[in-house]
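In what follows, a single structure is set out as C-alpha coordinates and then discussed.
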Amino acid sequence: MTLIRQDDFITTVADALQFISFYHPTDFIEALGTAYEKEQSPAARDAIAQILTNSKMCAEGHRPICQDTGIVTVFLKIGMGVSWEASQSVEEMVNEAVRRAYTAAENPLRASIVSDPAGKRSNTRDNTPAVIHTEVVAGDKLDITVAAKGAGSENKTKFTVLNPSDSLVDWVVKTVPTLGAGWCPPGMLGIGIGGTAEKAMLLAKEALMEPIDIQQLQERGAQNRAEELRLEIYDKVNALGIGAQGLGGLTTVLDVKVFDYPTHAASLPVALIPNCAATRHAHVVMDGRGPVLLEPPKPETWPAVEWQPSPDARVVDLETLTQTDTNDWKPGETLLLNGKILTGRDAAHKRICDLLDRGEPLPEGLDFTNRFIYYVGPVDAVGDEPVGPAGPTTATRMDKFSDQMLDTGLLGMIGKAERGAATINSLEQHHGVYLIATGGAAYLISRAIRGSRVIAFPELGMEAIYEFEVENMPVTVAVDAHGGSVHNSGPAEWQAKIGKIPVVTA
(Lines give C-alpha, C1' and ligand atoms only; values in the text may rest on other atoms or scores of the structure.)
Protein backbone atom coordinates (compact mmCIF):
# COMPACT_ATOMS: atom_id res chain seq x y z
CA MET A 1 0.00 0.00 0.00
CA THR A 2 1.11 3.56 -0.77
CA LEU A 3 0.26 6.13 1.90
CA ILE A 4 -0.58 9.64 0.64
CA ARG A 5 -0.60 12.27 3.37
CA GLN A 6 -3.00 15.19 3.28
CA ASP A 7 -0.39 17.95 3.52
CA ASP A 8 1.77 16.31 0.84
CA PHE A 9 -1.16 16.12 -1.58
CA ILE A 10 -2.28 19.70 -0.96
CA THR A 11 1.28 21.00 -1.30
CA THR A 12 1.78 19.10 -4.57
CA VAL A 13 -1.39 20.44 -6.20
CA ALA A 14 -0.91 24.01 -4.91
CA ASP A 15 2.70 24.10 -6.13
CA ALA A 16 1.64 22.79 -9.55
CA LEU A 17 -1.00 25.53 -9.87
CA GLN A 18 1.51 28.25 -9.04
CA PHE A 19 4.02 26.62 -11.41
CA ILE A 20 1.69 26.60 -14.41
CA SER A 21 0.67 30.21 -13.79
CA PHE A 22 4.12 31.43 -14.86
CA TYR A 23 5.74 28.54 -16.78
CA HIS A 24 4.55 27.46 -20.21
CA PRO A 25 5.13 23.74 -20.94
CA THR A 26 8.46 23.22 -22.70
CA ASP A 27 6.80 21.62 -25.74
CA PHE A 28 4.57 24.69 -26.17
CA ILE A 29 7.50 27.11 -26.05
CA GLU A 30 9.40 25.09 -28.63
CA ALA A 31 6.38 24.77 -30.95
CA LEU A 32 5.62 28.48 -30.72
CA GLY A 33 9.27 29.28 -31.45
CA THR A 34 9.05 27.14 -34.59
CA ALA A 35 5.85 28.93 -35.62
CA TYR A 36 7.56 32.30 -35.15
CA GLU A 37 10.46 31.29 -37.39
CA LYS A 38 8.23 30.24 -40.28
CA GLU A 39 5.56 32.95 -39.95
CA GLN A 40 5.42 35.33 -42.93
CA SER A 41 2.56 37.58 -41.82
CA PRO A 42 4.10 40.66 -40.12
CA ALA A 43 1.09 41.15 -37.83
CA ALA A 44 0.97 37.50 -36.75
CA ARG A 45 4.74 37.38 -36.31
CA ASP A 46 4.59 40.45 -34.07
CA ALA A 47 1.84 38.85 -31.97
CA ILE A 48 3.83 35.62 -31.56
CA ALA A 49 6.90 37.67 -30.58
CA GLN A 50 4.86 39.36 -27.86
CA ILE A 51 3.60 35.99 -26.55
CA LEU A 52 7.13 34.51 -26.48
CA THR A 53 8.58 37.60 -24.80
CA ASN A 54 5.76 37.58 -22.26
CA SER A 55 6.38 33.88 -21.59
CA LYS A 56 10.03 34.45 -20.73
CA MET A 57 9.25 37.53 -18.62
CA CYS A 58 6.70 35.54 -16.60
CA ALA A 59 9.15 32.68 -16.07
CA GLU A 60 11.78 35.10 -14.80
CA GLY A 61 9.40 37.22 -12.71
CA HIS A 62 7.12 34.42 -11.46
CA ARG A 63 4.01 36.35 -12.50
CA PRO A 64 0.98 35.03 -14.42
CA ILE A 65 1.21 34.43 -18.18
CA CYS A 66 -2.36 35.65 -18.54
CA GLN A 67 -4.57 37.80 -16.33
CA ASP A 68 -7.27 35.14 -16.62
CA THR A 69 -5.64 32.55 -14.38
CA GLY A 70 -8.45 30.20 -15.21
CA ILE A 71 -10.88 27.72 -13.78
CA VAL A 72 -8.97 24.81 -12.30
CA THR A 73 -9.50 21.30 -13.63
CA VAL A 74 -7.84 18.35 -11.91
CA PHE A 75 -7.65 14.81 -13.27
CA LEU A 76 -6.87 12.19 -10.62
CA LYS A 77 -6.05 8.55 -11.30
CA ILE A 78 -5.95 6.91 -7.90
CA GLY A 79 -4.31 3.50 -7.72
CA MET A 80 -6.26 0.82 -5.92
CA GLY A 81 -3.20 0.33 -3.74
CA VAL A 82 -3.30 3.92 -2.47
CA SER A 83 -4.46 4.73 1.05
CA TRP A 84 -4.86 8.15 2.64
CA GLU A 85 -3.77 9.77 5.86
CA ALA A 86 -6.23 12.66 5.71
CA SER A 87 -9.07 14.28 7.62
CA GLN A 88 -10.53 15.90 4.49
CA SER A 89 -12.13 14.36 1.42
CA VAL A 90 -10.22 14.34 -1.86
CA GLU A 91 -12.43 17.16 -3.13
CA GLU A 92 -11.81 19.22 0.00
CA MET A 93 -8.05 18.71 -0.29
CA VAL A 94 -8.01 19.78 -3.94
CA ASN A 95 -9.99 22.92 -3.14
CA GLU A 96 -7.69 23.76 -0.23
CA ALA A 97 -4.77 23.51 -2.68
CA VAL A 98 -6.57 25.85 -5.11
CA ARG A 99 -7.27 28.29 -2.26
CA ARG A 100 -3.61 28.33 -1.20
CA ALA A 101 -2.32 28.72 -4.75
CA TYR A 102 -4.67 31.53 -5.73
CA THR A 103 -4.20 33.55 -2.54
CA ALA A 104 -0.40 33.22 -2.35
CA ALA A 105 1.02 36.59 -1.26
CA GLU A 106 4.08 36.36 -3.51
CA ASN A 107 2.06 35.66 -6.66
CA PRO A 108 -1.69 36.11 -6.15
CA LEU A 109 -3.75 34.66 -8.97
CA ARG A 110 -7.00 36.17 -10.17
CA ALA A 111 -10.14 34.82 -8.54
CA SER A 112 -12.57 34.29 -11.43
CA ILE A 113 -15.05 31.72 -10.12
CA VAL A 114 -18.61 32.78 -9.30
CA SER A 115 -21.20 30.80 -7.36
CA ASP A 116 -24.92 30.82 -8.21
CA PRO A 117 -24.01 31.05 -11.92
CA ALA A 118 -27.60 31.58 -13.11
CA GLY A 119 -28.40 34.03 -10.31
CA LYS A 120 -26.29 36.45 -8.26
CA ARG A 121 -22.95 35.25 -9.70
CA SER A 122 -21.01 36.05 -6.55
CA ASN A 123 -17.23 35.74 -6.75
CA THR A 124 -15.95 33.02 -4.39
CA ARG A 125 -12.79 35.13 -3.86
CA ASP A 126 -10.35 32.20 -3.85
CA ASN A 127 -11.10 30.57 -7.23
CA THR A 128 -12.72 27.53 -5.66
CA PRO A 129 -14.22 25.13 -6.38
CA ALA A 130 -12.17 23.21 -8.92
CA VAL A 131 -13.62 20.80 -11.45
CA ILE A 132 -12.36 17.37 -10.42
CA HIS A 133 -12.39 14.12 -12.41
CA THR A 134 -11.48 11.01 -10.43
CA GLU A 135 -10.71 7.55 -11.75
CA VAL A 136 -9.75 4.50 -9.70
CA VAL A 137 -7.12 2.46 -11.54
CA ALA A 138 -4.82 -0.47 -11.00
CA GLY A 139 -1.53 0.19 -9.20
CA ASP A 140 -0.26 1.97 -6.12
CA LYS A 141 0.44 5.48 -7.42
CA LEU A 142 -1.51 8.74 -7.47
CA ASP A 143 -1.42 10.29 -10.94
CA ILE A 144 -2.32 14.01 -10.98
CA THR A 145 -2.88 16.34 -13.93
CA VAL A 146 -3.73 19.95 -13.16
CA ALA A 147 -4.87 22.57 -15.64
CA ALA A 148 -6.04 26.18 -15.46
CA LYS A 149 -8.08 27.28 -18.45
CA GLY A 150 -9.29 30.78 -19.18
CA ALA A 151 -12.79 31.58 -20.37
CA GLY A 152 -11.63 33.04 -23.69
CA SER A 153 -10.88 29.58 -25.04
CA GLU A 154 -13.27 27.57 -22.86
CA ASN A 155 -16.22 29.65 -24.11
CA LYS A 156 -15.47 28.55 -27.67
CA THR A 157 -16.18 24.89 -26.94
CA LYS A 158 -18.39 23.20 -29.53
CA PHE A 159 -20.34 19.95 -29.58
CA THR A 160 -22.37 18.12 -32.14
CA VAL A 161 -23.77 14.68 -32.85
CA LEU A 162 -23.05 13.84 -36.46
CA ASN A 163 -24.60 11.10 -38.50
CA PRO A 164 -22.19 8.13 -38.67
CA SER A 165 -21.71 8.75 -42.40
CA ASP A 166 -20.92 12.48 -41.99
CA SER A 167 -17.43 13.93 -42.37
CA LEU A 168 -15.95 14.82 -39.01
CA VAL A 169 -13.13 16.74 -40.70
CA ASP A 170 -15.58 18.89 -42.67
CA TRP A 171 -17.44 19.76 -39.46
CA VAL A 172 -14.23 20.84 -37.72
CA VAL A 173 -13.02 22.91 -40.67
CA LYS A 174 -16.40 24.66 -40.92
CA THR A 175 -16.61 25.18 -37.16
CA VAL A 176 -13.17 26.65 -36.41
CA PRO A 177 -13.78 29.95 -38.29
CA THR A 178 -16.97 30.43 -36.24
CA LEU A 179 -14.87 30.46 -33.06
CA GLY A 180 -13.44 33.84 -33.98
CA ALA A 181 -10.16 34.85 -32.37
CA GLY A 182 -11.36 34.97 -28.77
CA TRP A 183 -9.60 31.69 -28.03
CA CYS A 184 -6.25 33.42 -28.65
CA PRO A 185 -4.63 31.37 -31.41
CA PRO A 186 -2.12 29.94 -32.00
CA GLY A 187 -3.02 27.12 -29.65
CA MET A 188 -4.28 23.56 -29.74
CA LEU A 189 -7.50 21.80 -30.60
CA GLY A 190 -8.71 18.94 -28.43
CA ILE A 191 -11.23 16.69 -30.17
CA GLY A 192 -13.24 14.00 -28.43
CA ILE A 193 -15.05 11.42 -30.52
CA GLY A 194 -17.57 8.82 -29.43
CA GLY A 195 -19.10 7.66 -26.19
CA THR A 196 -21.96 9.92 -25.14
CA ALA A 197 -22.20 13.71 -25.09
CA GLU A 198 -20.48 14.10 -21.72
CA LYS A 199 -17.84 11.48 -22.57
CA ALA A 200 -16.90 13.22 -25.81
CA MET A 201 -16.48 16.50 -23.92
CA LEU A 202 -14.27 14.85 -21.31
CA LEU A 203 -12.16 13.19 -24.02
CA ALA A 204 -11.61 16.55 -25.73
CA LYS A 205 -10.49 18.19 -22.48
CA GLU A 206 -8.18 15.29 -21.60
CA ALA A 207 -6.67 15.39 -25.08
CA LEU A 208 -5.46 18.93 -24.44
CA MET A 209 -3.24 17.63 -21.61
CA GLU A 210 -1.09 15.72 -24.11
CA PRO A 211 2.31 17.11 -25.26
CA ILE A 212 2.68 18.80 -28.63
CA ASP A 213 4.19 16.27 -31.04
CA ILE A 214 2.60 16.95 -34.44
CA GLN A 215 5.99 17.36 -36.14
CA GLN A 216 7.12 13.93 -34.96
CA LEU A 217 3.82 12.48 -36.19
CA GLN A 218 4.31 14.14 -39.57
CA GLU A 219 7.76 12.57 -39.83
CA ARG A 220 6.77 9.00 -38.92
CA GLY A 221 3.28 8.99 -40.42
CA ALA A 222 -0.11 8.02 -39.00
CA GLN A 223 -0.56 4.54 -37.55
CA ASN A 224 -4.29 4.66 -36.77
CA ARG A 225 -7.44 6.60 -37.68
CA ALA A 226 -7.09 9.09 -34.81
CA GLU A 227 -3.60 10.04 -36.03
CA GLU A 228 -4.85 10.35 -39.61
CA LEU A 229 -7.49 12.78 -38.37
CA ARG A 230 -4.90 14.77 -36.45
CA LEU A 231 -2.76 15.28 -39.54
CA GLU A 232 -5.66 16.11 -41.85
CA ILE A 233 -7.31 18.56 -39.46
CA TYR A 234 -3.98 20.22 -38.61
CA ASP A 235 -3.26 20.94 -42.29
CA LYS A 236 -6.77 22.07 -43.16
CA VAL A 237 -7.25 24.34 -40.14
CA ASN A 238 -3.92 26.06 -40.72
CA ALA A 239 -4.89 26.47 -44.38
CA LEU A 240 -7.79 28.67 -43.22
CA GLY A 241 -5.24 31.46 -42.72
CA ILE A 242 -6.75 32.64 -39.42
CA GLY A 243 -3.31 33.07 -37.87
CA ALA A 244 -2.12 34.40 -34.53
CA GLN A 245 -4.81 36.48 -32.79
CA GLY A 246 -6.99 36.10 -35.90
CA LEU A 247 -4.84 38.62 -37.79
CA GLY A 248 -4.13 36.29 -40.72
CA GLY A 249 -1.09 34.05 -40.97
CA LEU A 250 0.37 30.61 -41.45
CA THR A 251 -0.13 29.11 -37.99
CA THR A 252 -3.53 28.90 -36.33
CA VAL A 253 -2.98 25.63 -34.44
CA LEU A 254 0.26 24.21 -33.06
CA ASP A 255 -1.23 20.73 -32.74
CA VAL A 256 -4.51 18.81 -32.91
CA LYS A 257 -5.23 16.09 -30.37
CA VAL A 258 -7.83 13.39 -30.90
CA PHE A 259 -9.15 10.97 -28.25
CA ASP A 260 -11.89 8.50 -29.08
CA TYR A 261 -14.14 5.97 -27.36
CA PRO A 262 -16.63 3.35 -28.57
CA THR A 263 -20.09 4.75 -29.23
CA HIS A 264 -23.60 3.71 -30.23
CA ALA A 265 -24.00 2.44 -33.80
CA ALA A 266 -26.46 5.26 -34.54
CA SER A 267 -24.27 8.07 -33.15
CA LEU A 268 -21.11 10.06 -33.82
CA PRO A 269 -20.71 12.52 -30.91
CA VAL A 270 -17.93 15.04 -31.46
CA ALA A 271 -16.60 17.66 -29.03
CA LEU A 272 -14.11 20.37 -29.92
CA ILE A 273 -12.28 22.38 -27.24
CA PRO A 274 -9.59 24.91 -28.18
CA ASN A 275 -6.67 25.74 -25.92
CA CYS A 276 -5.23 29.23 -26.03
CA ALA A 277 -1.74 30.71 -26.17
CA ALA A 278 -1.75 30.65 -22.34
CA THR A 279 -1.54 26.85 -22.31
CA ARG A 280 -1.29 25.79 -18.65
CA HIS A 281 -1.16 22.19 -17.46
CA ALA A 282 1.21 19.89 -15.59
CA HIS A 283 1.46 16.22 -14.68
CA VAL A 284 2.94 14.65 -11.53
CA VAL A 285 2.91 11.22 -9.92
CA MET A 286 2.91 10.75 -6.16
CA ASP A 287 4.32 7.54 -4.69
CA GLY A 288 4.03 8.24 -0.98
CA ARG A 289 7.50 9.72 -0.54
CA GLY A 290 6.30 13.26 0.12
CA PRO A 291 5.20 16.18 -2.05
CA VAL A 292 6.25 16.28 -5.70
CA LEU A 293 7.61 19.58 -7.02
CA LEU A 294 7.99 20.36 -10.71
CA GLU A 295 11.22 21.27 -12.49
CA PRO A 296 11.12 24.58 -14.41
CA PRO A 297 12.05 24.78 -18.09
CA LYS A 298 15.71 25.54 -18.76
CA PRO A 299 16.46 29.17 -19.79
CA GLU A 300 17.70 28.01 -23.19
CA THR A 301 14.24 26.59 -23.93
CA TRP A 302 13.03 30.03 -25.01
CA PRO A 303 14.09 31.17 -28.49
CA ALA A 304 16.16 34.33 -28.84
CA VAL A 305 13.09 36.49 -29.46
CA GLU A 306 12.61 39.81 -27.69
CA TRP A 307 9.65 41.83 -28.83
CA GLN A 308 10.27 45.47 -29.64
CA PRO A 309 7.73 47.95 -30.98
CA SER A 310 7.91 48.53 -34.71
CA PRO A 311 9.74 51.72 -35.70
CA ASP A 312 6.72 52.42 -37.92
CA ALA A 313 4.28 52.35 -34.98
CA ARG A 314 2.19 55.50 -34.56
CA VAL A 315 2.72 57.15 -31.16
CA VAL A 316 -0.63 58.38 -29.80
CA ASP A 317 -1.23 61.04 -27.14
CA LEU A 318 -4.56 60.07 -25.61
CA GLU A 319 -4.90 63.36 -23.75
CA THR A 320 -5.26 65.39 -26.95
CA LEU A 321 -6.83 62.75 -29.20
CA THR A 322 -10.02 63.54 -31.16
CA GLN A 323 -12.13 61.79 -33.78
CA THR A 324 -10.35 63.83 -36.44
CA ASP A 325 -7.16 61.99 -35.49
CA THR A 326 -8.69 58.51 -35.28
CA ASN A 327 -10.35 58.89 -38.70
CA ASP A 328 -6.91 58.42 -40.27
CA TRP A 329 -6.14 55.10 -38.57
CA LYS A 330 -6.06 51.99 -40.77
CA PRO A 331 -6.89 48.35 -39.97
CA GLY A 332 -3.72 46.48 -39.03
CA GLU A 333 -1.83 49.64 -38.06
CA THR A 334 0.26 49.45 -34.86
CA LEU A 335 -0.22 52.16 -32.24
CA LEU A 336 1.62 53.01 -29.02
CA LEU A 337 -0.83 54.56 -26.58
CA ASN A 338 0.22 57.22 -24.07
CA GLY A 339 -2.06 58.79 -21.47
CA LYS A 340 -5.09 57.63 -19.53
CA ILE A 341 -7.60 54.93 -20.40
CA LEU A 342 -10.58 53.53 -18.51
CA THR A 343 -11.25 49.84 -17.98
CA GLY A 344 -14.46 47.87 -17.82
CA ARG A 345 -15.80 44.46 -18.74
CA ASP A 346 -19.03 42.46 -18.40
CA ALA A 347 -20.31 43.42 -14.95
CA ALA A 348 -19.27 47.08 -15.21
CA HIS A 349 -20.84 47.45 -18.65
CA LYS A 350 -24.13 46.05 -17.40
CA ARG A 351 -24.17 48.45 -14.45
CA ILE A 352 -23.35 51.44 -16.65
CA CYS A 353 -26.05 50.60 -19.19
CA ASP A 354 -28.59 49.92 -16.44
CA LEU A 355 -27.90 53.41 -15.06
CA LEU A 356 -28.26 54.92 -18.53
CA ASP A 357 -31.51 53.02 -19.11
CA ARG A 358 -32.94 54.45 -15.89
CA GLY A 359 -31.74 57.94 -16.71
CA GLU A 360 -29.54 58.01 -13.62
CA PRO A 361 -26.13 59.71 -13.44
CA LEU A 362 -22.92 57.73 -13.77
CA PRO A 363 -20.71 57.43 -10.68
CA GLU A 364 -18.91 60.65 -9.74
CA GLY A 365 -15.78 61.21 -11.80
CA LEU A 366 -16.73 58.73 -14.53
CA ASP A 367 -16.82 60.45 -17.92
CA PHE A 368 -16.35 58.57 -21.19
CA THR A 369 -16.13 61.62 -23.47
CA ASN A 370 -13.16 61.25 -25.84
CA ARG A 371 -11.89 58.27 -23.84
CA PHE A 372 -11.00 54.66 -24.59
CA ILE A 373 -12.26 51.76 -22.51
CA TYR A 374 -10.05 48.70 -22.12
CA TYR A 375 -11.77 45.34 -21.64
CA VAL A 376 -9.62 43.89 -18.84
CA GLY A 377 -9.81 42.30 -15.40
CA PRO A 378 -6.27 42.60 -14.01
CA VAL A 379 -4.42 40.45 -11.52
CA ASP A 380 -3.72 42.07 -8.15
CA ALA A 381 -0.42 43.97 -7.97
CA VAL A 382 2.52 42.84 -5.86
CA GLY A 383 5.45 44.90 -4.63
CA ASP A 384 5.78 48.20 -6.48
CA GLU A 385 3.66 47.13 -9.47
CA PRO A 386 0.92 49.64 -10.38
CA VAL A 387 -1.14 46.63 -11.48
CA GLY A 388 -0.61 42.94 -12.06
CA PRO A 389 -0.74 41.22 -15.47
CA ALA A 390 -3.47 42.96 -17.46
CA GLY A 391 -4.15 41.47 -20.87
CA PRO A 392 -7.38 41.94 -22.84
CA THR A 393 -10.56 39.93 -22.54
CA THR A 394 -12.80 38.87 -25.44
CA ALA A 395 -14.55 41.91 -26.87
CA THR A 396 -17.61 40.21 -28.37
CA ARG A 397 -19.12 39.78 -24.89
CA MET A 398 -19.44 43.58 -24.76
CA ASP A 399 -21.01 43.88 -28.23
CA LYS A 400 -24.56 44.26 -26.90
CA PHE A 401 -23.47 47.34 -24.93
CA SER A 402 -21.58 49.04 -27.77
CA ASP A 403 -24.28 51.43 -29.00
CA GLN A 404 -24.97 52.86 -25.56
CA MET A 405 -21.32 53.16 -24.71
CA LEU A 406 -20.50 54.96 -27.95
CA ASP A 407 -23.42 57.29 -27.32
CA THR A 408 -21.61 58.51 -24.19
CA GLY A 409 -18.89 60.08 -26.34
CA LEU A 410 -16.46 57.17 -26.18
CA LEU A 411 -13.77 57.32 -28.88
CA GLY A 412 -13.28 53.58 -28.94
CA MET A 413 -12.57 50.30 -27.20
CA ILE A 414 -9.58 48.04 -26.61
CA GLY A 415 -9.96 44.28 -26.30
CA LYS A 416 -9.09 41.07 -28.08
CA ALA A 417 -10.61 39.24 -31.03
CA GLU A 418 -13.16 40.40 -33.58
CA ARG A 419 -16.36 42.43 -33.19
CA GLY A 420 -19.76 41.38 -34.45
CA ALA A 421 -21.37 42.94 -37.53
CA ALA A 422 -23.74 45.12 -35.46
CA THR A 423 -20.86 46.57 -33.43
CA ILE A 424 -18.80 47.24 -36.55
CA ASN A 425 -21.79 49.07 -38.00
CA SER A 426 -22.19 51.05 -34.76
CA LEU A 427 -18.52 51.99 -34.76
CA GLU A 428 -18.84 53.24 -38.33
CA GLN A 429 -21.94 55.29 -37.50
CA HIS A 430 -20.26 56.83 -34.44
CA HIS A 431 -16.87 57.19 -36.19
CA GLY A 432 -15.45 55.09 -33.38
CA VAL A 433 -12.53 52.65 -33.50
CA TYR A 434 -11.73 49.30 -31.95
CA LEU A 435 -8.17 48.36 -31.02
CA ILE A 436 -6.75 45.02 -29.94
CA ALA A 437 -3.99 44.12 -27.52
CA THR A 438 -2.31 40.71 -27.74
CA GLY A 439 -4.02 37.94 -25.81
CA GLY A 440 -1.40 35.87 -24.00
CA ALA A 441 0.91 38.85 -23.37
CA ALA A 442 -0.62 40.09 -20.10
CA TYR A 443 2.60 40.67 -18.16
CA LEU A 444 4.26 42.40 -21.10
CA ILE A 445 1.25 44.70 -21.48
CA SER A 446 1.21 45.48 -17.74
CA ARG A 447 4.73 46.87 -18.03
CA ALA A 448 3.26 49.70 -20.11
CA ILE A 449 0.87 50.62 -17.27
CA ARG A 450 2.50 53.28 -15.08
CA GLY A 451 -0.41 54.07 -12.79
CA SER A 452 -3.73 52.58 -11.72
CA ARG A 453 -6.66 53.66 -9.56
CA VAL A 454 -10.23 52.46 -9.08
CA ILE A 455 -12.81 54.90 -10.49
CA ALA A 456 -16.09 53.07 -9.91
CA PHE A 457 -17.70 49.86 -8.59
CA PRO A 458 -14.84 48.74 -6.29
CA GLU A 459 -17.06 45.95 -4.95
CA LEU A 460 -16.70 44.19 -8.32
CA GLY A 461 -13.05 43.38 -7.59
CA MET A 462 -11.18 42.67 -10.81
CA GLU A 463 -14.30 43.79 -12.74
CA ALA A 464 -14.23 47.29 -11.21
CA ILE A 465 -13.64 50.31 -13.45
CA TYR A 466 -10.04 51.43 -13.22
CA GLU A 467 -8.17 54.32 -14.74
CA PHE A 468 -4.81 53.23 -16.14
CA GLU A 469 -2.03 55.59 -17.08
CA VAL A 470 -0.15 53.98 -19.95
CA GLU A 471 3.13 54.61 -21.69
CA ASN A 472 3.69 53.16 -25.16
CA MET A 473 1.03 50.46 -24.71
CA PRO A 474 1.12 48.36 -27.91
CA VAL A 475 -2.19 47.89 -29.74
CA THR A 476 -3.36 47.19 -33.28
CA VAL A 477 -6.22 48.89 -35.11
CA ALA A 478 -8.78 46.10 -35.58
CA VAL A 479 -11.79 48.14 -36.77
CA ASP A 480 -11.27 51.61 -38.19
CA ALA A 481 -13.71 54.53 -38.12
CA HIS A 482 -15.02 53.52 -41.56
CA GLY A 483 -15.95 49.93 -40.65
CA GLY A 484 -12.86 48.18 -42.03
CA SER A 485 -11.97 45.09 -39.95
CA VAL A 486 -8.57 43.40 -39.90
CA HIS A 487 -10.25 40.22 -38.65
CA ASN A 488 -12.11 40.05 -41.97
CA SER A 489 -9.33 41.15 -44.31
CA GLY A 490 -6.37 39.42 -42.64
CA PRO A 491 -7.53 35.79 -42.68
CA ALA A 492 -9.01 36.16 -46.18
CA GLU A 493 -5.68 37.47 -47.48
CA TRP A 494 -3.67 34.64 -45.91
CA GLN A 495 -6.16 31.93 -46.84
CA ALA A 496 -5.76 33.05 -50.44
CA LYS A 497 -1.96 33.10 -50.12
CA ILE A 498 -1.86 29.60 -48.63
CA GLY A 499 -4.16 28.55 -51.45
CA LYS A 500 -5.37 25.18 -50.18
CA ILE A 501 -8.99 26.16 -49.49
CA PRO A 502 -11.09 28.35 -51.82
CA VAL A 503 -11.94 31.76 -50.38
CA VAL A 504 -15.68 32.29 -50.18
CA THR A 505 -16.93 35.85 -50.11
CA ALA A 506 -20.41 37.00 -49.18
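The values are calculated or read from the model by the stated rules, or taken from the named source; none is laboratory data. Note that the structure is a prediction, hence the values are computed from the model and not measured. Here Cβ is always computed from backbone atoms with ideal geometry, including for glycine, and neighbour counts include all displayed protein chains. Accessible surface areas use protein heavy atoms only, side chains included; no ligands, DNA or RNA. Shrake-Rupley method; radii C 1.70, N 1.55, O 1.52, S 1.80 Å.
Below is a table of values for the structure above.
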item	result
Tally of residues being of a type in the set (Gly, Ala, Ser), within 25 Å of Asn54 (Cβ to Cβ), touching a Pro at 6+ places or on another chain (Cβ under 6 Å) and crowded, with 19+ Cβ neighbours inside 10 Å across the stretch 440-468	4
Among the candidates Glu198, Glu206, Glu210, residue that is open to solvent by 20 Å² or more (accessible area, probe 1.4 Å), over 30 Å from Arg289 (Cα atoms) and modelled with pLDDT of 95 or more	Glu198
Residue check for Thr301: of a type outside the set (Asp, Glu) and open to solvent by 20 Å² or more (accessible area, probe 1.4 Å)	yes
Check on Ile414, within 26 Å of Ala347 (Cα to Cα), among the aliphatic types (A, V, I, L, M) and out of contact with any Asp or Glu (no Cβ under 8 Å at 6 or more places or on another chain)	yes
Out of Lys156, Lys149, sole residue that is of a type in the set (Lys, Arg), within 12 Å of Cys276 (Cα to Cα), in contact with a Pro (Cβ under 8 Å, 6 or more places away or on another chain) and buried (at least 16 other Cβ atoms within 10 Å of the Cβ)	Lys156
Output for the stretch 358-395, where each listed residue is open to solvent by 10 Å² or more (accessible area, probe 1.4 Å) and without any contact (Cβ under 8 Å) to a residue 60 or more places away in the chain	Arg358, Gly359, Glu360, Pro361, Glu364, Asp367, Thr369, Asn370, Arg371, Gly383, Asp384
Qualifying residue in the stretch 423-433 (condition: more than 19 Å from Gly182 (Cα to Cα), open to solvent by 20 Å² or more (accessible area, probe 1.4 Å) and modelled with pLDDT under 95)	no
Condition broken by Thr252, with the remaining ones in (1) surrounded by fewer than 20 Cβ atoms within 10 Å (Cβ to Cβ); (2) within 28 Å of Pro392 (Cβ to Cβ); (3) of a type in the set (Ser, Thr, Tyr) satisfied	(1)
Search result, residues across the stretch 223-240 that are under 14 Å from Phe259 (Cα atoms), open to solvent by 70 Å² or more (accessible area, probe 1.4 Å) and in a helix (DSSP H, G or I)	Arg225, Glu228
Test for Pro296: is it in contact (Cβ under 8 Å) with a residue 60 or more places away in the chain, out of contact with any Leu (no Cβ under 8 Å at 6 or more places or on another chain) and loosely packed, with under 15 Cβ neighbours inside 10 Å	yes
Index of the failed condition, Leu272 passing every other in (1) aliphatic (A, V, I, L, M); (2) open to solvent by 10 Å² or more (accessible area, probe 1.4 Å); (3) outside any loop (DSSP other than H, G, I, E, B)	(2)
Count of the stretch 320-334 residues which are part of a loop (DSSP other than H, G, I, E, B) and farther than 19 Å from His487 by Cα	3
Single condition Tyr261 does not satisfy, out of (1) open to solvent by 10 Å² or more (accessible area, probe 1.4 Å); (2) under 24 Å from the mean Cα position of the chain (by Cα); (3) not β-branched (Val, Ile, Thr)	(2)
Any pair with Cβ under 8 angstrom, 6 or more apart, that starts in the stretch 481-495 at a residue that is open to solvent by less than 40 Å² (accessible area, probe 1.4 Å) and ends at one that is of a type in the set (Phe, Trp, Tyr)	Ala481/Trp329
Selection within the stretch 104-123 - of a type in the set (Ser, Thr, Tyr) and surrounded by fewer than 17 Cβ atoms within 10 Å (Cβ to Cβ)	Ser115, Ser122
Qualifying residue in the stretch 179-197 (condition: touching a residue at least 24 places away in the same chain (Cβ under 8 Å), part of a loop (DSSP other than H, G, I, E, B) and more than 29 Å from Gly33 (Cβ to Cβ))	yes
Single match in Val131, Val176 (criterion: open to solvent by less than 50 Å² (accessible area, probe 1.4 Å) and either under 18 Å from Thr12 (Cβ atoms) or out of contact with any His (no Cβ under 9 Å at 6 or more places or on another chain) (or both))	Val176
Close pairs from the stretch 317-343: first touching a residue at least 60 places away in the same chain (Cβ under 8 Å), partner part of a loop (DSSP other than H, G, I, E, B) and open to solvent by 70 Å² or more (accessible area, probe 1.4 Å), Cβ under 6 Å, at least 6 apart	Gln323/His431; Gly339/Glu319
